[in-house]
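To start, the structure under review is shown below, and the notes come after it.
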Amino acid sequence: MRKFIALLGASVLLCSATVSATSPSAQAVLASAGFQNASQAQEAADRGMTAGEYFNNAVVDTPGVENAMPVGQGGKIIVNGVATNLTATLSKVDKNMAAEAVSQAAALGGNLLNVVSISIPNANYNVATVNFYLKGLAKGTKIVAKQYINGEWVEVEVVEVREDHVVLNLQKSGAIAFVAVP
């Protein structure tokens, strides 16, 4: 009986070692997707982002927005007139919010470049001046920015537009639509 139990235990160990040697580990799957651990993968999924978007704090494409212009944010936000090392956290919006942003752009007679959700963690502010990177934006493009706040789209102050950049003064977090207008 002891030999039988020992043989059974050895065969179970052998089979499990064979299975685990041929199965990809969770870590390998995460690494192949570009993540270092499961918490990064979960946070990216919560924000609707790929690994590339997550690590670059950028939204490359948005469901429902044709030819979306990549939008990123790299930090150095000015909070209440004081330069900081804070970085805004960007996320993708859902398809319904994107459709509303498309309607806002159409009402302005413009073209929706992209719409992203923004939050500024650990910041208590009246005005946050945020520099957004919009890859491919031409110098001199006229931009109107609208933000979804408390169920309404409100116009946001555009401080500056230059090649590949739009600087906005924000008073709250929320979805922001970047619209090129004639």
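The values are calculated or read from the model by the stated rules, or taken from the named source; none is laboratory data. From a predicted model like this one, the values you see are computed outputs, not experimental measurements. Glycine gets a Cβ as well: all are built from the backbone with ideal geometry, and neighbour counts include every protein chain shown. Note: areas computed on protein heavy atoms with side chains; ligands, DNA, RNA excluded. Shrake-Rupley method; radii C 1.70, N 1.55, O 1.52, S 1.80 Å.
For region 94-133, the set of residues classified as farther than 14 Å from T62 by Cα and in a loop (DSSP other than H, G, I, E, B) consists of L108, G109, G110, I120, P121, N122, A123, N124, Y125, N126, V127, listed by residue number.
Among the residues of region 167-182, those that are over 18 Å from the mean Cα position of the chain (by Cα) and surrounded by 19 or more Cβ atoms within 10 Å (Cβ to Cβ) comprise V179, A180. Scanning region 150-166 for residues that are within 21 Å of V79 (Cα to Cα) and crowded, with 16+ Cβ neighbours inside 10 Å turns up V156, V161, V166.
When each of S117, S103 is tested for being open to solvent by 50 Å² or more (accessible area, probe 1.4 Å) and either among the hydrophobic types (A, V, I, L, M, F, W, C) or under 18 Å from G174 (Cα atoms) (or both), the lone residue that passes is S103.
When region 42-66 is limited to residues that are assigned to a loop (DSSP other than H, G, I, E, B) and among the β-branched types (V, I, T), the one that is nearest to S103 (Cα to Cα) turns out to be V65.
Could you go through region 152-166 and let me know if any residue there is aliphatic (A, V, I, L, M) and more than 22 Å from N57 (Cα to Cα). Yes: one or more hits.
A98 fulfils the conditions (1) under 15 Å from the mean Cα position of the chain (by Cα); (2) small (G, A, S); (3) open to solvent by 10 Å² or more (accessible area, probe 1.4 Å) except for a single criterion, (3).
Among the residues of region 132-149, the ones that are touching a residue at least 40 places away in the same chain (Cβ under 8 Å) and buried (at least 19 other Cβ atoms within 10 Å of the Cβ) come to 5 in all.
Checked against the criterion of being on the phi < 0 side of the Ramachandran plot and over 18 Å from the mean Cα position of the chain (by Cα), the candidates I143, I120 yield just one match: I143. For Q42, the criteria (1) loosely packed, with under 10 Cβ neighbours inside 10 Å; (2) modelled with pLDDT under 95 hold in every case but one, which is (1). Take the conditions in contact with a Ser or Thr (Cβ under 8 Å, 6 or more places away or on another chain), surrounded by fewer than 21 Cβ atoms within 10 Å (Cβ to Cβ) and not small (G, A, S) and apply them to T89. Does it pass? Taking the combined requirement at face value, the residue satisfies it.
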